[in-house]
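The values are calculated or read from the model by the stated rules, or taken from the named source; none is laboratory data. Nothing here was measured: the structure is a model prediction, and the numbers come from that model. Methodologically, a virtual Cβ is constructed for each residue, glycine included, from the backbone with ideal geometry; neighbour enumeration extends over all protein chains shown.
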Amino acid sequence: MNGGELIAQTLQLHGVRAVFTLIGGHISPILVSCKKAGVRVVDVRHEVNTVFAADASARLTGIPGVAVVTAGPGVTNTLTALKNAQMAQSPLVLIGGATATVLKNRGSLQDIDQIAAVKPHVKWHASAKKVRDLPRLIATAFMKSREGVPGPVFVEVPVDLLYEESTVREWYMASVPRKPGLKNYVISRYLSRHVDTLFRGADLSSPASPMPYNVPSHTDSDLRQVVERLQTAAKPLLVIGSQAMLQPQRSAELARAVDQLGIPVYLAGMARGLLGKKHKLQLRHKRAEALKECDLVILAGVPVDFRLNYGSQIRSSAFHIGVNRSSQDLKKNKRPSLALKADVCDFLISLSSVYSSGAGRLDAWISQLRARDLKREEEILSLSAKKAKNVNALKLLFQLKNKLPDNAILVADGGDFVATAAYILEPPAPLSWLDPGVFGTLGVGAGFALGASVVCPDREVWIIYGDGSAGYSIMEYDTFVRHRFPVIGLIGNDACWTQIYRDQKEILKDDIACMLLHTDYHKMAEATGATGFLIARESSVASGLTAARKAAQKKSPVLINAIIDISDFRKGSISM
């Protein structure tokens, strides 16, 4: 087997369904070998989307996603997505091509210090030196990406480790002038021995199986301490974040555990949708007020960062229990009363086996929270009735909410429009909401949708786009068409970077760099072979959404360009 085959078959042994790539000469043998091994190859139009897609694939399956990119700019183009995955704690493996080992640091095409560029954004990295190292390095990469706090890892693979030995030897010898002489003889001998070193033991190599990995776990003592506190709490609150979903295959079990606990709960990030749409314990609005009133809070996979106003939202007298795989996140900004370094999913499931709030004990507290939740929902609904010159964004989103199927996956990619959508749209089930996470990265939309389409082919995938963020990845509609992914994109087009515009215009009295155009984005999608729809009046919202779903059911990617009015709905909500 050549190096490309060793990598491909090792990926196959690790349960990888697809690799995401943009072709380059440094990586061709990996892609050809993946195809032969039955691992799907999904090629995109910008390398950043290979990592976004791998990220989404990992979140939905629990198996590290895999991106394969060419050397130099191929690798550096992934850096934003790598940092996003690192901060979102998503396990993925980036395989980067590299110049031939003998040419390293000699000025060959696309030869840079890739490890130095990538190192701050990954939790582990390695550079292969010999063909026989490849299976072990790939297996180690998978293990490292999953253990402890998950995250992205990087494996650099020089191109001369990927081809057959005879081909590499022929390339090397072709670089030596045929003219006789001592100098050429020495160079020829050096290169021959170098190839001997690269391939020594390669004939004995075989694909590597998955390695075991460690995850921090709670103790029985931890459970007893939490139960003692819960038994005396009158107003407990549970906040569950994305880290709870690191075992997606146990999401149904986790949902049952949360139901059994009987504690009112806010769901954030990937945990949105965990309990379905209308669970009796689930709250969606006024979280800050609830945190100020509770006497005990469990932050399950939720760091105390800007989203909790660096801890000031939590009532100072409340007993604060932190559960997190990360020691750093446990202590960020506000030390918990009880810090448990453990897997959140395992902890909550175990806790539910030894504790339940009991029938009726928390009814008054839950009713208080739900009444405030319902009032906020009624306020938002009333705002959706406001007349608009074009389309009221709130009304658009309420109509979308009513049309979404129970198998929908929602990809959030944008600022003001997408944050507004988060108030209205209800992820219908576990693993049905994908957002960038704490990095707040614009541009995740198409890549996330690709990853979701590959691993969940029977689900309806929607991208909720701002018109600003759509510009980062709209060309991937070409990818959707080529690979027959019937993704539906909805652009809230107010011709403005509204989340920035609102405060900039008010405080600095200038809209510089904030204004866009009501661009015909639907025509851009049509140019790739997708189906485009324009919704410019509220009277056409319902029919437009229905037509879009019908087109997607015929396997056509769809882009809806909805012309909305600039809204003050989220005025004053910008985060710093």
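A few remarks follow.
- Some residue of the range 526-549 being touching a Lys or Arg at 6+ places or on another chain (Cβ under 8 Å), buried (at least 18 other Cβ atoms within 10 Å of the Cβ) and either among the hydroxyl-bearing types (Ser, Thr, Tyr) or free of Cβ contacts under 8 Å to residues at least 12 places away in the same chain (or both): no
- Among the conditions (1) of a type outside the set (Ser, Thr, Tyr); (2) under 22 Å from ILE380 (Cβ atoms); (3) modelled with pLDDT of 95 or more; (4) in contact with an Asp or Glu (Cβ under 8 Å, 6 or more places away or on another chain), LYS277 misses just one, which is (3).
- ALA71 surrounded by 21 or more Cβ atoms within 10 Å (Cβ to Cβ), of a type in the set (Gly, Ala, Ser) and either free of Cβ contacts under 8 Å to residues at least 40 places away in the same chain or assigned to a loop (DSSP other than H, G, I, E, B) (or both): yes
- Which listed residue is over 19 Å from ASP568 (Cα atoms) and touching a Phe, Trp or Tyr at 6+ places or on another chain (Cβ under 7 Å), from LEU394, LEU374, LEU340, LEU362: LEU340
- One residue stands out among those in the range 310-353 that are aliphatic (A, V, I, L, M) and in a loop (DSSP other than H, G, I, E, B): the one that is nearest to the chain's Cα centre (by Cα), which is ALA342.
- In the range 10-23, the residues that are within 22 Å of PRO212 (Cα to Cα) reach residues that are hydroxyl-bearing (Ser, Thr, Tyr) with C-beta atoms within less than 6 angstrom, at least six apart or across chains, in these pairs: LEU13/SER209.
- Within the span defined as the range 502-524, one or more residues are closer than 19 Å to ARG45 by Cα, in contact with a Leu (Cβ under 8 Å, 6 or more places away or on another chain) and surrounded by fewer than 20 Cβ atoms within 10 Å (Cβ to Cβ).
- The number of residues in the range 313-333 that are surrounded by fewer than 20 Cβ atoms within 10 Å (Cβ to Cβ) and either small (Gly, Ala, Ser) or in contact with a His (Cβ under 9 Å, 6 or more places away or on another chain) (or both) comes to 5.
- The helices (runs of 4 or more DSSP H) found wholly in the range 1-66 include none carrying at least 3 residues that are among the aromatic types (Phe, Trp, Tyr).
- SER221, sole failed condition from (1) over 31 Å from the mean Cα position of the chain (by Cα); (2) touching a residue at least 40 places away in the same chain (Cβ under 8 Å): (2)
- For the range 365-407, the set of residues classified as hydrophobic (A, V, I, L, M, F, W, C), closer than 19 Å to SER543 by Cα and in contact (Cβ under 8 Å) with a residue 40 or more places away in the chain consists of ALA388, VAL391, ALA393, LEU394, LEU396, LEU400, LEU404, listed by residue number.
- Of all residues in the range 190-213, those being part of a loop (DSSP other than H, G, I, E, B), loosely packed, with under 12 Cβ neighbours inside 10 Å and of a type outside the set (S, T, N, Q) number 2.
- Within the span defined as the range 111-125, one or more residues are among the small types (Gly, Ala, Ser), modelled with pLDDT of 95 or more, surrounded by fewer than 17 Cβ atoms within 10 Å (Cβ to Cβ) and under 32 Å from the mean Cα position of the chain (by Cα).
- Taking the numbered list (1) without any contact (Cβ under 8 Å) to a residue 12 or more places away in the chain; (2) in contact with a helix residue (DSSP H, G or I) (Cβ under 9 Å, 6 or more places away or on another chain); (3) closer than 23 Å to ALA8 by Cα in turn, PRO212 passes all entries but (1).
- Of residues in the range 145-182 being in contact (Cβ under 8 Å) with a residue 24 or more places away in the chain and of a type in the set (D, E, K, R), the one nearest to GLY74 (Cα to Cα): GLU156
- Considering residues of the range 171-189 that are farther than 20 Å from GLN110 by Cβ and surrounded by 13 or more Cβ atoms within 10 Å (Cβ to Cβ) only, the residue modelled with the highest pLDDT: SER188
- All conditions but one from (1) surrounded by 22 or more Cβ atoms within 10 Å (Cβ to Cβ); (2) under 30 Å from ARG59 (Cβ atoms) apply to LEU79; the one that does not is (1).
- Criterion applied to LEU397, LEU381 was being of a type in the set (A, V, I, L, M) and either modelled with pLDDT under 95 or over 29 Å from the mean Cα position of the chain (by Cα) (or both), and the one residue passing it is LEU381.
- Matching option when the condition is closer than 21 Å to ARG361 by Cβ, out of contact with any helix residue (DSSP H, G or I) (no Cβ under 9 Å at 6 or more places or on another chain) and of a type outside the set (Val, Ile, Thr), among ALA252, ALA233, ALA290, ALA257: ALA233
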